[in-house]
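Chemist: I'd like to ask you about the structure that follows.
The values are calculated or read from the model by the stated rules, or taken from the named source; none is laboratory data. From a predicted model like this one, the values you see are computed outputs, not experimental measurements. Every residue, glycine among them, receives a Cβ derived from its backbone with ideal geometry; neighbour counts consider all protein chains shown. Heavy atoms of the whole protein, side chains included, go into the accessibility calculation; ligands, DNA and RNA do not. Shrake-Rupley method; radii C 1.70, N 1.55, O 1.52, S 1.80 Å.
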Amino acid sequence: MKHPFAFLDEGSKREIRRAAFKAVCIPGYQVPFASREMPIARGWGTGGLQLTLALIGPQDTLKVIDQGTDESVNAVNIRRLVHATTGVQTTHHTADATLIQSRHRVPDRPLSAKQILVLQVPIPEPLRRVEPREHVTRKRHAEADYTAAYLALFERVLKYGSASAGADHPVMVAGRHVMAPSPIPRLDNEKLHRAEHLTLLGAGREKKIYAVPPHTEVHSLAFDDVPFEVESFGDQACSTCGTTGVFLDEFDDGDGGTLYRCNDTSECLARLNAQGAPL
Amino acid sequence: MNVAPDMPPRLEAHGIHVRHGPGCDRCLTGAGPEQGNRCAACGTVHAVRQVDVQAFDGEVLGIVGESGSGKSSLLRTLALEQAPSAGMYLIREDGPDDHQNRFDASDQAIRRLRNETIGLVRQHAHETLRMRLSATGNIAETMLAAGHRHVGRMRERAAGLLDDVSIARDRHLDAPATFSGGMQQRVQIARAIANNPPVLLLDEVTTGLDLSVQARVLDLIQRIQRERQMTVILVSHDLAVVRMLADRTLVMRHGQVIEHGLTDRILEDPHMPYTQELVQSLL
């Protein structure tokens, strides 16, 4: 069966690009779009994939990340699908990519103005946990009434003693819209603040596209007496490349201890290569 | 009663009309609906008809009437929950909007009024409370909405309010879903007064509670009203509740106020036949 370039028909791509343009114009605002049926199931990255397919051109180089790795089955399948329908080059190297589709991570290496990051989003509505009704959350955004977002954090403080628990910590974008940054670790929230690159976020199941344009103010929500905190691994370093201050995965070392390793595997490898370590 | 006589009213509403349906020449021009509050010609229901309400500082105003008499519709409009078909509504805040018709206020202004100036307690706690969040969180919500961003201070104040309404300390972090009906009502009251609103609106707050719990909730309302000198408007079909709390009472029927006056006068010497029937049947 013959597909058009990048699988989607031109009409669909144009609609998605329009939604993306609007999203860039109103940073943090969730633009509705007509999410297409894709060859992968909704909830598996169809929002990100549709953005990738609508944006990609023959000159692009694509990188796909799933929770920090290029090698997991989700990343491999999406990369293969895009390659099979476009023939574009793919890469594992963050610096070489022009377009990066990612599930729940912003790469450790700072991105440049020539790169676009596409994030997959399961639940785009930051107020959803407290307010289930869509017509109500839309009104809350329109009136910039973000009580519900703070209430969710307040409850978290009551329960866990800290507002910073888990991923997908809500952010205020450009001083106007509260946005779900997708379930990226809190360390990655700070990479969106005044970034060089454009970040586009796509939720296929929920049919929303939103964006953080370059150089946009992005602040994680917090209280006066309970500040926002990023993940801390103490003084632990990656056991493979020795880096600190990045998001680490925890492994069981087999002796009841914990082994830490970079979550961003391609960057870990790049650091090892730079150190000239023998493979 | 401890009304400051020289102060203008805290609340003042004129000509409130709540209409469900288009209305027609007959019911809109003078003749009025002919079957209770329903127009015989066009079927339009006139839930509230040309009602005036005034309430002063420190005063408790009761509104009684049978089911469908329009008392809850009237309270909903006074709580700015529902816009009336017509009417004028002034709220004294000693601010720049005191002479503005609050029915015409923007959504944001109405949200602020409902959060900071008018506390509302409903018959069913689940319409107000977030049953799965903690009681403390429920009270903090109104403070968050008023712009507070200090967790320690909000917790302290929420704990003080919950103490005030006699919720045990070890239940403050529990969800209202796990509370009894009377406790839920008390949490609702604590939440309604969290931002120190000058006005408290109560819609059938003790209906459905057993008698001893009713008495405790009414005591609590009376104490809070006296301590804070709040303006309270109380809707109930239960004349005993009105007798206990209200200084003045309006009697409503078919969407209209048919009689108003001091509560004692209304209960001891009802003038209108309907009020006489009501007092006879319920006491």
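Chemist: Rounded to the nearest 20 Debye, what is the dipole magnitude of the stretch A:232-279 about its Cα centre when Lys and Arg each give +1 and Asp and Glu each give -1 at the C-beta?
Modeler: Computed charge dipole of the stretch A:232-279: roughly 260 debye.
Chemist: Is there a simple number for the mean count of other chain Cβ atoms within 10 Å of the Cβ of residues in A:223-230, and what is it?
Modeler: 3
Chemist: So which helices of chain B fit the span-like rule, where a helix is a whole DSSP H run, its Cα atoms reach 20 Å or more along the axis, and its mean Kyte-Doolittle is at least -1.0?
Modeler: B:211-228
Chemist: Which peptide among A:104-117, A:47-60, B:155-168 comes first, and what is the full order, when sorted by highest mean count of other Cβ atoms within 10 Å?
Modeler: Packing proxy ranking, top to bottom: A:47-60, A:104-117, B:155-168.
Chemist: Further question: Using label points projected 7 Å from each Cα along Cα→Cβ, tell me how many nm separate B:Asp25 and B:Ser180, to one decimal.
Modeler: If labels sit at B:Asp25 and B:Ser180, their model points lie 6.1 nm apart.
Chemist: Measure out, as a whole number of angstrom, how far apart the alpha-carbon centroids of the stretch A:85-118 and the stretch B:122-152 sit.
Modeler: Computed from Cα coordinates, the inter-centre distance equals 43 Å.
Chemist: Quick one: the Cα spread of the stretch B:96-182 along its three principal axes, in angstroms, biggest first?
Modeler: 45, 30, 21
Chemist: Mind giving me the nanometre distance, one decimal, between the label points for A:His215 and B:Ile258, set 7 Å out from Cα along Cα→Cβ?
Modeler: For A:His215 paired with B:Ile258, the spin-label model returns 7.2 nm.
Chemist: Rank-order B:238-245, A:39-46 by packing density, defined as the average count of other C-beta atoms within 10 Å over each peptide's residues, highest first.
Modeler: Descending mean neighbour count gives B:238-245, A:39-46.
Chemist: Whenever you get a sec, compute what percent of the accessible area on the stretch A:232-279 sits on carbon and sulfur atoms (1.4 Å probe).
Modeler: Whole-percent figure for carbon plus sulfur exposure: 48.
Chemist: Given a 1.4 angstrom probe, what's the average accessible area per residue across the protein assembly as shown, in square angstrom?
Modeler: That works out to 45 Å² for each residue.
Chemist: Which one, A:Thr85, A:His104, A:Asn273, projects farthest toward the positive side of the charge dipole computed for chain A from Cβ point charges (K/R +1, D/E -1)?
Modeler: The Cα lying farthest towards the positive end belongs to A:Thr85.
Chemist: Next question. If you count, for every residue in A:143-149, the Cβ atoms of partner chains within 10 Å of its Cβ, what is the mean?
Modeler: That average works out to 4.
Chemist: Here's another thing I want to ask about it. At 222 nm, what value in deg cm²/dmol follows for chain A if DSSP H runs of at least 4 each add -39500 (n - 2.57) and the sum is divided by all its residues, to the nearest 500?
Modeler: Calculated at 222 nm, the ellipticity per residue is -9000 deg cm²/dmol.
Chemist: A follow-up question, please. Counting each DSSP H run of 4 or more residues in chain B as -39500 (n - 2.57), what helix-only mean residue ellipticity at 222 nm follows after dividing by all residues, to the nearest 500 deg cm²/dmol?
Modeler: -10500 deg cm²/dmol
Chemist: Given charges of +1 on the Cβ of Lys and Arg and -1 on the Cβ of Asp and Glu, with all other atoms neutral, how large is the dipole of the stretch A:24-72 about its Cα centre, in debye to the nearest 20?
Modeler: 220
Chemist: Right, another one. Calculate the dipole size of the protein assembly as shown relative to its Cα centre from +1 charges on Lys and Arg beta carbons and -1 charges on Asp and Glu beta carbons; express the result in debye to the nearest 20.
Modeler: Using only the charged Cβ atoms, the result is roughly 1460 debye.
Chemist: Go ahead and run the numbers for FRET between B:Asp238 and A:Ile123, Cβ-Cβ distance against an R0 of 56 Å, rounding to 0.05.
Modeler: Plugging the Cβ-Cβ distance into 1/(1 + (r/R0)^6) gives 0.80.
Chemist: Find the centroid of the Cα atoms in the stretch B:155-206 and in the stretch A:241-266, then give the distance between the two in whole Å.
Modeler: First find each Cα centre; the distance between them is then 47 Å.
Chemist: Another question about this same structure. Can you give the mean number of other chain Cβ atoms that lie within 10 Å of the Cβ atoms in peptide B:100-109?
Modeler: The per-residue average across the peptide is 1.
Chemist: If you take every DSSP beta bridge whose two residues both sit in the stretch B:149-282, what share of them, in percent to the nearest 5, is antiparallel?
Modeler: Counting only bridges with both partners in the stretch B:149-282, antiparallel ones make up about 55 percent.
Chemist: Toward the positive end of the charge dipole of the stretch A:189-246, about the Cα centre and with charges on Cβ (Lys, Arg +1; Asp, Glu -1), which of A:Val246, A:Ile209, A:Pro227 goes farthest?
Modeler: Of the listed residues, the answer is A:Ile209.
Chemist: Once you order the gyration tensor axes a ≥ b ≥ c over the Cα atoms, which shape class does the protein assembly as shown get: rounded for a/c under 1.5, otherwise prolate or oblate by comparing a/b with b/c?
Modeler: Judged from the Cα gyration tensor, the protein assembly as shown comes out prolate (a/c at least 1.5, a/b above b/c).
Chemist: Another one. Quick one: which of B:110-116, A:31-37 comes out on top by average Cβ neighbours within 10 Å, and what's the full order, highest first?
Modeler: Going from most to least packed, we get B:110-116, A:31-37.
Chemist: For labels at A:Arg205 and A:Gln89 in the simple 7 Å Cα→Cβ model, what's the distance in nm?
Modeler: Going from the A:Arg205 label point to the A:Gln89 one covers 3.6 nm.
Chemist: Taking all protein chains as present, what is the carbon and sulfur share of the accessible area of chain B, in % to the nearest whole number, probe 1.4 Å?
Modeler: Result for chain B: 48 percent of the exposed heavy-atom area is carbon or sulfur.
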